[in-house]
């Protein structure tokens with residue numbers, strides 16, 4: 001009885017091999033890709049100092065791997081079944097020409113599917129370690145909208161290229177092999193799967209019961225589950241709500257900003273001398289961490305704490321967006337960026353005035369950063385405003401700091417060497433000068449700069465590495481301050497220290513790491529300090545301020561004429577401020593406003609739902625409230641977002657047309 005059943009199974013097994021060589025080869029290749037991914041992931045989780053979501057596995061790596069193999073096996077078998085069923089369709093047709101065409105088309109589709117699966121597994125692994133996220137529709141949309149294909153190719157190493165090519169070679173090796181070899185490979189593969197499944201039944205789940213789906217699931221299953229979730233919520237398909245799409249065309253010449261024929265300046269253009277300007281932008285620095293000693297560790301930024309007592313300290317300062325590109329645009333323009341995923345500052349036709357537009361032409365202006373501008377910086381915006389001297393990862397010939405693991409790589413130039421270069425550039429600058437430094441050290445993966453900057457033990461926790469690098473930044477800020485003082489420049493220099501956005505370490509949601517997945521306070525809060533005792537008497541601002549306030553405040557302090565109507569922000573010399581709200585755009589697909597009464601209203605554009613937080617009574621944002629209790633603020637938020645983008649685009653077009661007209665008039669005069 002047993003032998004006939006075994007013989008029947010062998011016949012069926014042989015039939016599967018011979019009926020579609022391509023489908024069987026596809027099965028083996030997908031199995032190899034999934035197997036390599038799971039092994040590499042385990043090596044990275046157990047061996048790399050930087051782990052996704054601060055994940056700390058406690059079981060042996062072999063048992064950890066075996067427990068999650070069923071997800072991979074289920075996906076591999078489903079992929080094979082689908083490929084085999086599709087391979088049988090041509091046999092329903094009798095006409096040989098169509099049959100041949102369909103077979104060729106089937107091979108092409110299998111190669112495309114195999115390439116897609118390789119990319120999904122590879123990118124998912126890279127994002128886990130490099131971005132603290134998995135490959136979902138959001139990550140795909142962000143990649144296509146903001147990162148060029150050329151920039152992606154630059155960070156792909158030889159190992160990744162081999163990983164891409166190997167399965168295709170294996171595919172054709174199996175297709176061209178003999179039937180007996182394919183049967184042998186099939187038996188080995190299926191037997192291996194059965195053994196793994198049986199062992200997994202007797203393994204214990206990792207004691208950490210908060211294993212994220214990004215780690216637990218096969219990458220393709222994770223992407224499919226995210227797509228299914230989007231469809232269920234109907235948010236990803238619907239996009240922006242109808243009220244956002246309807247652009248207002250009434251009152252375009254009215255505030256908050258649009259070119260006016262007459263506009264007053266904030267203060268008389270009288271000054272004893274031109275002020276030097278040094279702006280230190282701290283990447284990914286959250287206000288709640290900089291002076292924190294709650295864990296028993298030394299204060300991360302003691303020099304900055306000292307400086308806060310001698311400066312304007314904007315204690316409740318907030319970014320305009322939880323991503324750098326939009327935040328930096330606001331810092332140097334006084335405008336909110338577009339309330340959509342597209343970044344206005346990267347557009348080649350960008351003509352919105354920046355800080356450099358307002359400075360005299362004799363200002364010696366330069367910008368230094370150890371990171372790559374191509375990934376986060378509104379380069380077109382500052383270049384079109386006149387900045388030409390930019391030093392970054394691309395043209396600084398310094399040591400490369402990098403974090404390597406089995407699946408990812410993060411790179412930047414050495415922060416200390418970059419600050420050395422910035423100080424040297426200040427020393428040889430002619431006055432007046434405007435120097436901007438944008439740091440990287442507090443950005444993931446928080447490179448280890450050694451014992452000199454360690455205030456917490458290297459225990460594998462992301463926050464420990466982060467706190468150590470805040471201490472590094474504090475030392476770098478002090479070095480710049482000390483050198484300005486030594487050179488006799490400090491008395492004639494305005495020193496601005498500001499973060500671009502906040503940083504999260506699992507607050508509110510297990511996957512709320514870094515800054516761009518949510519718009520809670522930890523993602524938006526970032527400190528700001530303005531130091532120059534002759535202009536800014538020591539003061540702590542307890543009311544919320546924004547990036548859009550920085551430029552008009554500096555222009556007023558430097559007695560540089562400007563039209564207040566042409567900014568979204570306000571000079572902080574004004575007391576009280578005229579505005580009712582601050583606004584924010586979250587890259588997770590949300591828009592928010594914060595009222596002067598500290599009521600925060602948020603609307604998800606993806607899910608078309610609204611909620612609110614009373615930050616006065618609930619500063620930790622624990623109790624979400626129903627928006628129906630705040631209809632006026634919801635209405636004001638909707639109206640602002642509806643009008644803002646069109647106004648910004650129109651203002652930019654007005655400037656471009658004005659410049660074109662001026663050039664044309666000059667040509668006629670000649």
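What follows draws every value from the coordinates through simple rules; no lab data is involved. None of these values were measured; they are calculated from a predicted model. Here Cβ is always computed from backbone atoms with ideal geometry, including for glycine, and neighbour counts include all displayed protein chains.
Brief remarks follow.
- Förster radius 41 Å - calculated FRET efficiency between residue 389 and residue 297 (Cβ-Cβ, nearest 0.05): 0.60
- Gyration tensor verdict on the stretch 382-479 (Cα atoms; rounded if a/c is under 1.5, prolate if a/b is larger than b/c, oblate otherwise): prolate
- Each part gets one Cα centre, and for the stretch 433-482 versus the stretch 304-340 those centres are 19 Å apart.
- Evaluated at q = 0.06, 0.12, 0.13 Å⁻¹: base-10 log I(q)/I(0), Debye formula over Cα of the stretch 278-669: -0.23, -0.95, -1.13
- Between residue 77 and residue 509, the simple spin-label model (points 7 angstrom out along Cα→Cβ) gives 3.3 nm.
- Tensor-based shape of the stretch 526-670 (alpha-carbon gyration tensor, a/c under 1.5 rounded, otherwise prolate or oblate): oblate
- Maximal additional length on extending the residue 227-residue 543 stretch stands at 109.7 nm, based on 0.36 nm per residue less the C-alpha distance.
- Fraction of antiparallel bridges per DSSP, the stretch 278-669 only, in percent to nearest 5: 60 percent
- The listed peptides 358-368, 532-542, ordered by packing as a protection proxy, come out as 358-368, 532-542 (highest mean of other Cβ atoms within 10 Å first).
- Cβ crowding within 10 Å ranks 610, 627 as 627, 610, fewest other Cβ atoms first.
- Spin-label model distance (nm) - residue 315 vs residue 451, 7 Å beyond Cα toward Cβ: 3.8 nm
- FRET E, pair residue 198, residue 60, Förster distance 22 Å, beta-carbon r, rounded to 0.05: 0.75
- In units of the compact-protein estimate 2.2 N^0.38 Å, the stretch 442-584 shows a Cα radius of gyration of 1.25.
- Global form of the stretch 578-637, assessed from the alpha-carbon gyration tensor, a/c cut-off 1.5: rounded
- Ranking of 340, 570, 389 by neighbouring Cβ atoms within 10 Å, starting from the fewest: 389, 340, 570.
- In Å, descending, principal axis extents of the Cα set of the stretch 432-518: 48, 31, 15
- Restricting the calculation to Cα atoms, every distinct pair contributes to the Kirkwood radius of the stretch 266-404, found to be 17.7 Å.
- If R0 equals 45 Å, the separation of the Cβ atoms of residue 420 and residue 170 corresponds to a calculated FRET efficiency of about 0.35.
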